[in-house]
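Asker: Here it is, the structure, as structure tokens.
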Amino acid sequence: MRQSELFIKTSHKAPSDEETEGAKLLVRGGFINKEAAGIYSYLPLGLRVLENITAIIREEMNSLGANELLMPVLHPKENWQTTGRWETLDILYKVEGHGGKWFALGPTHEEIIAPIAKKQISSYRDLPAYFYQIQTKFRNEPRAKSGILRGREFLMKDLYSFHTDEKDLEKFYAKALNAYKRIFKRLGIKALLTEASGGTFSKYSHEFQALSDIGEDEIFYCKACGFSQNKEIAKIREGACPKCGKGEIQKSNSIEVGNIFKLGTKYSSPFAVKYKTKSGEELEAVMGCYGIGISRIMGTLAEINRDNRGLLWPEKVAPFKLHLIELKKGLATKAYKSLQDKKDNILYDDRDTTAGEKFADSDLLGIPYRAVISQKTKGKIELKQRNSSKTKLVSINNVKKLL
């Protein structure tokens, strides 16, 4: 993509209405545009990052054998009355339609997926069943802040599983947990598996927490073995780790990037999601839910991968892999056309502006590799990684191999 044709204008002035450094860089780099507190537009570069994150998550969900669907944003009031959450969930947006009919803007989708499952499940032969979606959620957050880390409108992947019993749920829960570990590893996030409150459903749920000074959560964790508990339910404090006995327990702020939860029959019961056993007995299906905030992942990456010059995107989620910069108009056109044949993974800075501005913008955007073509490079390309100060002269074939 030619940068001169890209709908983006970078800014070297930090926005005054953003609290965190990562959010400031996302706005300055033209990845997002703030419409109101907790509400953002994702501009072309930001959308590419979201799509790359989504592709990794979708691959791992499909590997679990889950079926992708797409549920509505508008939910009938009656569904939420069935579970009692119309009155009790304080972050629920409520919308009145024609004829006095009320709807909720979906903050989560248990109230929709359970009635869907009820129509599909009648026998033990129909179980287990797994459904996931990638959908926009709405939550009337009283403290929408920290950029896209805590939004009123955000993109999320939610997976729901239905089982004959707790034992079968436990088996899939373990598989989903491992899938989440793979997802965060591929995304370049060191996420600690953290024990959290299971509420009325189970002893524990599990959160995936990324250490960050700006995180709203607090966790106690062991550096040696990774054992971790959320502060709200923590039985551990600073000192020797009760699990491995080798490491020291430390306290840190963190960002929750995912969670998995055993729901039991909390939502299958009110909607009568039942199945018949081999003997003809009718039992309620047992449920699990597994969430990842996709836009929150993007915000987290911006917070934990940056320096004083700009962003540092991991290769697999970066909007482009290579930033091709020419220091004389038209000098890199031939190279761009040759490299473009390999992949749509190049941002070509063909703008008529100074070298200093091009380099500053390149650092701000955080694309993993920068390739410079100038009269000084004499037919070669000066290649540099964003997180390194070292440069080297390489041939165009070397760059093709990189791509």
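The values are calculated or read from the model by the stated rules, or taken from the named source; none is laboratory data. Source: prediction; values computed, not measured. Ideal geometry is used to build each Cβ from the backbone, glycine not excepted, and the neighbour counts take in all protein chains shown.
Asker: Could you say whether any residue in the stretch 180-188 is farther than 21 Å from Pro314 by Cβ and out of contact with any helix residue (DSSP H, G or I) (no Cβ under 6 Å at 6 or more places or on another chain)?
Answerer: No, the stretch 180-188 has no match at all.
Asker: Sticking with this one: Is it the case, given these coordinates, that Tyr132 is surrounded by 17 or more Cβ atoms within 10 Å (Cβ to Cβ), touching an Asp or Glu at 6+ places or on another chain (Cβ under 7 Å) and over 26 Å from Ile304 (Cα atoms)?
Answerer: In short, yes.
Asker: Let me ask another. Of the residues Ala191, Ala129, Ala114, which single one is among the small types (Gly, Ala, Ser), under 27 Å from Glu78 (Cα atoms) and in contact with a helix residue (DSSP H, G or I) (Cβ under 7 Å, 6 or more places away or on another chain)?
Answerer: Ala129
Asker: Do the conditions hold for Ser11, that is, is it within 18 Å of Glu153 (Cα to Cα), surrounded by fewer than 17 Cβ atoms within 10 Å (Cβ to Cβ) and either out of contact with any Pro (no Cβ under 9 Å at 6 or more places or on another chain) or outside the structural domain of Lys334 (by TED's automatic domain parsing) (or both)?
Answerer: no
Asker: Specify the residue that is surrounded by the fewest Cβ atoms within 10 Å (Cβ to Cβ); the eligible residues are those in the stretch 235-249 that are touching a strand residue (DSSP E or B) at 6+ places or on another chain (Cβ under 6 Å) and part of a strand (DSSP E or B).
Answerer: Across the stretch 235-249, the extreme among qualifying residues is Gly239.
Asker: Working carefully through the options Gly226, Gly215, find the one that is in the same structural domain as Ala104 (by TED's automatic domain parsing), crowded, with 20+ Cβ neighbours inside 10 Å and in a loop (DSSP other than H, G, I, E, B).
Answerer: The match here is Gly215.
Asker: Identify, from the list Lys101, Lys118, the residue that is surrounded by fewer than 19 Cβ atoms within 10 Å (Cβ to Cβ), more than 27 Å from the chain's Cα centre (by Cα), without any contact (Cβ under 8 Å) to a residue 60 or more places away in the chain and over 24 Å from Gly38 (Cα atoms).
Answerer: Answer to the check: Lys101.
Asker: Could you list, in sequence order, the residues of the stretch 151-193 that are among the basic types (Lys, Arg) and part of a helix (DSSP H, G or I)?
Answerer: Lys167, Lys171, Lys175, Lys181, Arg182, Lys185, Arg186
Asker: Only one residue in Phe162, Phe172 is touching a residue at least 60 places away in the same chain (Cβ under 8 Å) and more than 29 Å from Asp90 (Cα to Cα). Which one?
Answerer: Within the list Phe162, Phe172, the selection yields Phe172.
Asker: Sort through Phe162, Phe131, Phe103, Phe154 and tell me the only one that's of a type in the set (Phe, Trp, Tyr) and within 22 Å of Gly46 (Cβ to Cβ).
Answerer: After applying the criteria, what remains is Phe154.
So that you can scan it fast, the table gives a plain yes or no per residue for (1) closer than 21 Å to Ile8 by Cα; (2) exposed (fewer than 15 other Cβ atoms within 10 Å of the Cβ); (3) in the same structural domain as Gly30 (by TED's automatic domain parsing):
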{"position": "Ile346", "(1), (2), (3)": "yes, no, no"}
{"position": "Phe359", "(1), (2), (3)": "yes, no, no"}
{"position": "Ser374", "(1), (2), (3)": "no, no, no"}
{"position": "Thr391", "(1), (2), (3)": "no, yes, no"}
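Asker: If you go through the stretch 136-148 one residue at a time, do you hit one that is modelled with pLDDT of 95 or more, closer than 26 Å to Phe271 by Cβ, assigned to a loop (DSSP other than H, G, I, E, B) and β-branched (Val, Ile, Thr)?
Answerer: Taking every residue of the stretch 136-148 in turn, none turns out to be modelled with pLDDT of 95 or more, closer than 26 Å to Phe271 by Cβ, assigned to a loop (DSSP other than H, G, I, E, B) and β-branched (Val, Ile, Thr).
Asker: Name the single residue that is surrounded by the fewest Cβ atoms within 10 Å (Cβ to Cβ) among those in the stretch 59-98 being touching a helix residue (DSSP H, G or I) at 6+ places or on another chain (Cβ under 9 Å) and of a type in the set (D, E, K, R).
Answerer: Out of the qualifying residues, it is Glu87.
Asker: Find all pairs meeting these conditions: Cβ atoms under 8 angstrom apart; at least six residues apart or on different chains; first residue within the stretch 375-395 and within 15 Å of Phe359 (Cβ to Cβ) and touching a residue at least 12 places away in the same chain (Cβ under 8 Å); second residue part of a loop (DSSP other than H, G, I, E, B) and among the β-branched types (Val, Ile, Thr).
Answerer: Taking only residues 6 or more apart or on different chains, the pairs are Arg386/Ile367.
Asker: Go through (1) at pLDDT 95 or above; (2) crowded, with 18+ Cβ neighbours inside 10 Å; (3) touching a helix residue (DSSP H, G or I) at 6+ places or on another chain (Cβ under 8 Å) for Gly151 and report which single condition fails.
Answerer: (1)
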